[in-house]
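Have a look at the structure below, then the notes.
The values are calculated or read from the model by the stated rules, or taken from the named source; none is laboratory data. Please read all numbers here as calculations on a predicted model, not as lab measurements. So basically every Cβ, Gly included, is an ideal-geometry build from the backbone, and we count neighbours across all protein chains shown. Just the protein is used for accessible areas: all its heavy atoms, side chains included, with ligands, DNA and RNA removed. Shrake-Rupley method; radii C 1.70, N 1.55, O 1.52, S 1.80 Å.
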Protein chains: 2
Amino acid sequence: MTAITLEQAAQILREHDNYLVLMHKSPDGDAVGSAYALCRALRSIGKKANPLCGDEIPESYFFITDGFEIQDFAPEYIISVDLATADLLSGTAKDYADRIDLCIDHHGSNTGYAKLSAVDGKSPSCAEIIKKLIDVMGIKADREIADAIFTGVCTDTGCFKYSSVRPETHRIAADLMDCGARSAMICRLMFDSKSPAKLDMERRVLDTLEYAAGGKIAFICISREIMERSGATQGDTEGVASIPRQIEGVRVGITMKEKENGEYRFSVRADDDTDASEICRKFGGGGHRAAAGCSIYADSPEKAKDLMIAVCIEAIGEDS
Amino acid sequence: MTAITLEQAAQILREHDNYLVLMHKSPDGDAVGSAYALCRALRSIGKKANPLCGDEIPESYFFITDGFEIQDFAPEYIISVDLATADLLSGTAKDYADRIDLCIDHHGSNTGYAKLSAVDGKSPSCAEIIKKLIDVMGIKADREIADAIFTGVCTDTGCFKYSSVRPETHRIAADLMDCGARSAMICRLMFDSKSPAKLDMERRVLDTLEYAAGGKIAFICISREIMERSGATQGDTEGVASIPRQIEGVRVGITMKEKENGEYRFSVRADDDTDASEICRKFGGGGHRAAAGCSIYADSPEKAKDLMIAVCIEAIGEDS
């Protein structure tokens, strides 16, 4: 792995062609926005470029993908965006896990799986890096590119709320609006709109809320039963992980998602004094200080929950 | 009433002294933020200035008001901020209703009650106008001023979500962060923070969700039992009325709140094609096209609900 600057990345992108841009499984707004924005930017300078995700793109991002035709070519240069580790690739995208040429990412925990890496762990979104990259390349964002980048910027910052937001994040949002980004439509779709199934899922998930450490830790569970009964999709679970940390007095918010074969997938959100990525690293996961994730394999949801809560209690330095 | 520019307003503020800055009743983030920012800015150039609100400032804004001492002087020049009409003054602030010298506001509906008015109906918040005014005056915002203005900017835009947001709104947010505004803390406090009792109330309210007209109407109920069991306060119910309208496909969202003596208080939210105020006028209420309210007196919650839903079905032109 060699770390490179955005100037070097820009030079490389100008030199090569026939790009494949990989997204992680369960793609979110930052993954979809970054990949489509980069592909559209590359196409605008005459290159061929396709995005690839092993999972289906959730319907809520169709405004980004609509009208974008897949081009016919043999991939020559493989790029990943918003991908902390190659393990997060799924389906057909997995085939490229060992031959990623360039990684553009904002995860400080990036494992360095690509030949070349342009990683800025301080950037609140990967989309913000893509914006800087296309600026360096002298590409002006059209409305489609601006919409895609704006989606990544706003979703990965909880609509400009997180502590990762910097003054330049707002300046980039302003520039994107100048390029035609439909800020209000995107924000409404991403944050103020939910399907009946999603709302029903959230209602059932709220029924699982438990507190630990005298209210400093809050825990919710998205069981497979809840997903089945509500009819919610995997995409619908986005944002749910922020619920427990919103409760006053809560320092660590835990969201446990029941997967198959004894796997329980955790999202951990922490306050400024607690390191969520350190908590998740204890279980082989990782992420950011404020938000991280990991999987625990256990015989029962209770065991997985107890293991996680014990580590969180230790992390905040409280007696249970 | 004479309309003046921000340059003229700046000149006037430099010339006078002993300012009183009035806020509307039930003050929100924009009123508190605008008034305190303006007072602090005036004090920074050696003027005396006090904010005045007839109602108490809610606790969530104490981070703006903390450490701000009221000065002892006889008010000579009366300013109002974020005040569409003098009727919205309450308590001791009412005494100044007829002698307001300068109004700084962003309501297109401003009634022109002041001698001089600097009104920009396109500005998403009054705080944004205050920021421009102190820029014109050559005053650099310190952290306290920046926090106060940022609060107004983010609360009146639903955290940068509304269609009123312009590129310059984000640029102003960036400038305020450069001046030390604690963006993440403020956003978290204003938007991502709820008490365990409020969350429990919302959970119970979601259990009451019903649809009518094939999903075009959604109904929730805040019963007295829910309020008692959750321990939520009346203030906690703020924002709940926006939940049913956020559901995809819903054209009219109804929130019914059980009061005493057979009174049921309704909040109605409607899509662009439906007039909520017309629905509520049928029951003696009123409001805006998108959001309105009324009371229905009935023997039972079911009867009140049925009366309202019947009118809503008629309003959207659907068979029940």
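DSSP loop (so not H, G, I, E, B), at most 15 other Cβ within 10 Å: list which GluC sites (Glu not before Pro) in region A:98-170 pass both filters.
Qualifying residues, ordered by number: none.
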Given labels modelled 7 Å from the Cα in the Cβ direction, how far is it in nm from B:Q234 to B:R281?
2.8 nm
Note the buried accessible area between A and B here, summed over both chains, with a 1.4 Å probe, in Å² to the nearest 100.
3400 Å²
Search the structure for amide H atoms under 5 Å from the amide H of B:S80, placed 1.01 Å from N in the peptide plane, and list their residues when 5 or more places away or on another chain.
B:L22, B:L102, B:C103, B:I104
Total formal charge among the other residues, if their Cβ is under 12 angstrom from that of A:A141, Lys/Arg +1 and Asp/Glu -1
-1
Roughly how many Å² is the accessible area per residue of region B:1-41, as a whole number, for a 1.4 Å probe?
35 Å²
List the equivalent ellipsoid semi-axes of the protein assembly as shown in whole Å, largest first, each obtained as the square root of 5λ for an eigenvalue λ of the Cα gyration tensor.
42, 33, 25
Work out which trypsin sites (Lys or Arg not before Pro) in chain A are exposed loop sites (DSSP not H, G, I, E or B, at most 13 other Cβ within 10 Å) and give the longest gap free of them.
A:1-121
Accessible area of region B:2-191 belonging to carbon and sulfur atoms, whole % at 1.4 Å probe:
48 percent
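Which of the three applies to region B:2-191, rounded, prolate or oblate, going by the alpha-carbon gyration tensor with a ≥ b ≥ c and a/c under 1.5 meaning rounded?
rounded
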Sorted by chain and number, the residues with a modelled amide H under 5 Å from that of A:I247, at a separation of 5 or more or across chains, are B:K194
Inter-probe distance in nm under a simple model that places probes 7 Å from Cα toward Cβ, at A:K94 and B:D299:
6.4 nm
Between the alpha-carbon centers of region A:157-183 and region B:90-139, tell me the distance in whole angstrom.
28 Å
Roll a 1.4 angstrom probe over the protein heavy atoms and tell me the percent of accessible area of region B:196-316 that is carbon or sulfur.
44 percent
What list of whole percents do you get for P(r) of region A:18-64, with Cα-Cα distances grouped in 10 Å bins up to the one holding the largest distance?
30, 54, 16
Ignoring ligands, DNA and RNA, how do B:T157, A:T233 rank by accessible area with a 1.4 Å probe, largest first?
A:T233, B:T157
Other residues with Cβ under 12 Å from the Cβ of A:V165 give, with Lys and Arg +1 and Asp and Glu -1, a net charge of +3
Beyond 19 Å between alpha-carbons counts as too far, so tell me which of A:K282/A:K303; A:K25/A:K282; A:K25/A:K257; A:K198/B:K161 fall in that bin.
A:K25/A:K282; A:K198/B:K161
For region A:193-220, which residues drop by 50 square angstrom or more in accessible area between the chain on its own and all protein chains together (1.4 Å probe)?
A:K194, A:P196, A:L199, A:R203, A:L206
Just the number, please: Stokes-Einstein D of chain A in µm²/s, Kirkwood Rh from C-alpha pairs, 20 °C, 1.002 mPa s.
106 µm²/s
Taking Cα centroids, how far is region A:33-50 from region A:214-267 in Å?
34 Å
How much FRET efficiency would the formula 1/(1 + (r/R0)^6) give for B:Y211 and B:D72, where r is the Cβ-Cβ distance and R0 is 60 Å, rounded to 0.05?
0.55
Backbone HN-Hα couplings from phi across region B:274-285 [Karplus 6.51/-1.76/1.60, Hz, Gly and Pro as x]:
10, 9, 5, 5, 5, 4, 6, 4, 4, 10, x, x
